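Encoded as structure tokens, the structure appears first; notes follow it.
The values are calculated or read from the model by the stated rules, or taken from the named source; none is laboratory data. Being a predicted model, the structure only gives us computed values, none of them experimental. All Cβ positions, even for glycine, are placed from backbone atoms using ideal geometry, and neighbour counts span all protein chains on display. Quick note on the areas: whole protein, heavy atoms, side chains included, nothing else; ligands and nucleic acids left out. Shrake-Rupley method; radii C 1.70, N 1.55, O 1.52, S 1.80 Å.
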Amino acid sequence: EVAFQRQLDFIAPALKGLGIYTNYTYTQSQVTDFNFEGRENDELSLPGSPQHTLNASLSYDAKKFTTRLSFNYASDFIEEVGSESFNDRYYDEVTYLDFNFNYSINDQWVVYFNANNLLNQQLRFFQGASNRTMQDEYYGRTFNLGVKLDITK
């Protein structure tokens, strides 16, 4: 796993408040002592573990507002093991792009805007090989606009 996080004000004073965050994870896993009859010699990765995961964000923080653009990627991974490799269920790779904005009117009131799944990423499962779709769903983009009140202040 490799991560980098840094405010960019060291480049120029005009970039004060601008920040970048990245994180990459590589996972290599293997299930041993697999005791499904007929699959004892199969090499399987740990279910639920994508081999590649990447997260990156560009943010800007000021006195009154914050904003963030976030990118997330995960490669496909085995989700459910079948009686033979043909029946294995995989969660397909995903790529998400989200945007968040918050504006503080004062210590108690905040206006916010969130835009999620801007790339309209589908939820997809495939069976055994990526060209055999089992399930394919689209949930669309989601936009939220609202006001928060902090009554503790």
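For this structure, a couple of remarks:
- Each Lys or Arg adds one and each Asp or Glu takes one away; over the other residues whose Cβ falls under 14 Å from the Cβ of GLN7, this sums to +1.
- Partner lysines whose Cα lies under 26 Å from the Cα of LYS148, excluding those fewer than 8 positions away in the same chain, are identified as LYS63, LYS64.
- With at most 10 other Cβ atoms within 10 Å, longest stretch of the chain clear of loop GluC sites (Glu not before Pro) (DSSP): 44-153
- Its Kirkwood hydrodynamic radius, worked out from the mean inverse distance over all distinct Cα pairs, puts the range 64-153 at 15.7 Å.
- Relative to its Kirkwood radius, the Cα radius of gyration of the range 1-130 gives an Rg/Rh of 1.16.
- Per-selection metrics, the range 1-72 (Cα): Rg and Dmax in Å: 20.3, 64
- Per residue, the range 27-75 exposes 67 Å² of solvent-accessible protein surface, assessed with a 1.4 angstrom probe and all protein chains in place.
- Rounded to the nearest Hz, the phi-derived 3J(HN,Hα) couplings of the range 49-63 under the Karplus curve 6.51 cos²θ - 1.76 cosθ + 1.60 (θ = phi - 60°) are 10, x, 6, 10, 9, 9, 10, 8, 9, 10, 10, 9, 10, 10, 4, where x marks glycine and proline.
- Whole-percent carbon and sulfur share, accessible surface of the range 56-116, 1.4 Å: 53
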